[in-house]
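These notes concern the structure reproduced below.
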Amino acid sequence: MKQYEVRDMALAPSGHQKIQWVKSHMPLLSGLEEEFRQTRPFEGVKISLSVHLEAKTAYLCLVLAAGGADMSVTGSNVLSTQDDVAAALADSGLKVYAYHGATQEEYDRHIEMCLSCRPNIVIDDGCDLVSFLHDRRPDLAEEVWGGCEETTTGVIRLKAMEREGILKFPMVAVNDADCKHLFDNRYGTGQSTWDSIMRNTNLIIAAKTVVVVGYGWCSRGIAMRAAALGASVIVTEINPVKAIEAKMDGFQVMKMEQAAPLGDIFVSATGCAWTITVDHMLKMKDGAILTNAGHFNCEVDMEGLEKACVEKKETRKNIMGYKLPNGKWVNVIAEGRLVNIAAADGHPAEIMDMSFAVQALSAMYVKENYQKLEHKVIDVSGEIDDKVARRKLAAWGIEIDTLTPEQEKYLNSWQL
């Protein structure tokens, strides 16, 4: 097996520069790197990782390698890999199989190459690696102790596998950790989504009407940042409780068919498919902008749009315009793929510092406990959440109060 398959090794210096920049803004991972170099908790452990392959992910890989892990790395989206970062990781001695703009066949081949190390631990983003292993390389499952899943969509897929009784090893739902979804999904997705939309359109957000599909943690961040930029925000939902939350947070709430004629910019972040359909698009304003901040490119019905359009053209880099049968145009950013990473740099480094600290510690948890874990989706331990939160506060120089013995006794007693 080749040591790496990347686009161009000559790009490595640029990738090293990017990695060094994010490292300087990721104190939690930097602290873990120092610890791992001394303790070598992953000595002899083979890890296969499939996560959006950009600088923050690369630094996580280097931290795990510093702990002794034999790392095999690939991307989790055909447009999110940054070729210079992939080259830098390969230049650092890691096994890397990914490049930007891969075909589906190349993407699948890279996943299989990443799994060829016969991993003990898998780290996934969207469940592509795990589902590929189950579908096409089930012979590897016996050697896998367990793994970690980064995203809402991935956890949904894993829970479906668990329900069907086919999950062959335990998977930690990193996405569901407090130190992940409360900050990464909300503040990370909120900022990085609008960074991508603004840099790719060069349009103002103030005074526009933004339609946010869903009101989970990612969508909350997107709606919050849109409002802060001066937009009028409409939320569509299927969950009545979340719809109430959106209304009480100050947003209009309505069905998608009612919102379609009103929106200037549409952002879907649900983990579900076909949330924006061709029927919705036919009701939209001429020039409406469509984006997806969920994992897969089916939230905006791209297959249906390709069939329905009468003409299409690139209207700007990373933006494809589609002319509908009614004569109106809609513009889709990044092929309907994950907009904040397929057409930008993803979440801020400080946010991913927390998420990837949870990842690294969860991988350690799998290594230390896999023999007693069931083949299910399991929660991140409260100890890991607490450790990451306290380290983040320490990095900011913040101290918080602690309970006195009397307070602890009061809280643990039913008597006043």
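The values are calculated or read from the model by the stated rules, or taken from the named source; none is laboratory data. Bear in mind that the values here come from a model prediction, so they are computed numbers and not experimental data. All Cβ positions, glycine included, derive from the backbone under ideal geometry; neighbour counts span all protein chains shown. These area figures cover heavy atoms from the full protein model, side chains too; ligands, DNA and RNA do not enter into them. Shrake-Rupley method; radii C 1.70, N 1.55, O 1.52, S 1.80 Å.
With respect to the conditions (1) touching a Phe, Trp or Tyr at 6+ places or on another chain (Cβ under 7 Å); (2) in contact (Cβ under 8 Å) with a residue 40 or more places away in the chain, Val388 falls short on a single one, namely (1). Considering (1) more than 26 Å from the chain's Cα centre (by Cα); (2) assigned to a helix (DSSP H, G or I); (3) not small (Gly, Ala, Ser), the lone condition that Arg220 does not fulfil carries the number (1). Is at least one residue of region 232-248 modelled with pLDDT of 95 or more, of a type in the set (D, E, K, R), open to solvent by 70 Å² or more (accessible area, probe 1.4 Å) and under 20 Å from Gly346 (Cα atoms)? No, that holds for no residue. Name every residue in region 361-377 that is basic (Lys, Arg) and assigned to a helix (DSSP H, G or I), in order of residue number. Those that are basic (Lys, Arg) and assigned to a helix (DSSP H, G or I): Lys367, Lys372. When the residues of region 378-416 are filtered to those that are outside any helix (DSSP H, G or I) and of a type in the set (A, V, I, L, M), the one that is surrounded by the fewest Cβ atoms within 10 Å (Cβ to Cβ) is Leu416.
A Cβ distance below 6 Å, combined with a sequence gap of six or more or placement on separate chains, defines the contacts here; from region 173-198, residues that are over 15 Å from Pro348 (Cβ atoms) reach residues that are of a type in the set (Phe, Trp, Tyr) and open to solvent by 10 Å² or more (accessible area, probe 1.4 Å) in the pairs His181/Trp217.
The condition of being acidic (Asp, Glu) and within 19 Å of the chain's Cα centre (by Cα) holds for Asp83. Comparison of Gly154, Gly165 shows that the only residue that is under 14 Å from Ser76 (Cβ atoms) and not polar (S, T, N, Q) is Gly154. Taken together, Gly31, Gly75, Gly44 contain a single residue that is of a type outside the set (D, E, K, R), in contact with a His (Cβ under 7 Å, 6 or more places away or on another chain) and either within 23 Å of Glu368 (Cβ to Cβ) or at pLDDT 95 or above (or both), which is Gly75. Asp345 meets all of the listed conditions (1) of a type in the set (D, E, K, R); (2) assigned to a helix (DSSP H, G or I); (3) under 25 Å from Tyr59 (Cα atoms) but one, namely (2).
With respect to being farther than 13 Å from Ser92 by Cα, of a type outside the set (A, V, I, L, M, F, W, C) and modelled with pLDDT under 95, Lys2 fits the description. Would you confirm whether or not region 72-80 contains a residue that is out of contact with any helix residue (DSSP H, G or I) (no Cβ under 7 Å at 6 or more places or on another chain), part of a loop (DSSP other than H, G, I, E, B), open to solvent by 10 Å² or more (accessible area, probe 1.4 Å) and in contact (Cβ under 8 Å) with a residue 24 or more places away in the chain? Within region 72-80 (the criterion being out of contact with any helix residue (DSSP H, G or I) (no Cβ under 7 Å at 6 or more places or on another chain), part of a loop (DSSP other than H, G, I, E, B), open to solvent by 10 Å² or more (accessible area, probe 1.4 Å) and in contact (Cβ under 8 Å) with a residue 24 or more places away in the chain), the answer is no, since none of the residues qualifies. Being crowded, with 21+ Cβ neighbours inside 10 Å and under 18 Å from the mean Cα position of the chain (by Cα) is true of Glu299. Of the residues Ser192, Ser116, the single one that is open to solvent by 40 Å² or more (accessible area, probe 1.4 Å) and among the hydroxyl-bearing types (Ser, Thr, Tyr) is Ser116. Among the residues of region 140-159, those that are part of a helix (DSSP H, G or I), open to solvent by 30 Å² or more (accessible area, probe 1.4 Å) and not charged (D, E, K, R) comprise Thr152, Ile156. Quick check on region 345-354. Is at least one of its residues in contact with a strand residue (DSSP E or B) (Cβ under 8 Å, 6 or more places away or on another chain), charged (D, E, K, R) and touching a residue at least 40 places away in the same chain (Cβ under 8 Å)? For region 345-354, residues in contact with a strand residue (DSSP E or B) (Cβ under 8 Å, 6 or more places away or on another chain), charged (D, E, K, R) and touching a residue at least 40 places away in the same chain (Cβ under 8 Å): absent.
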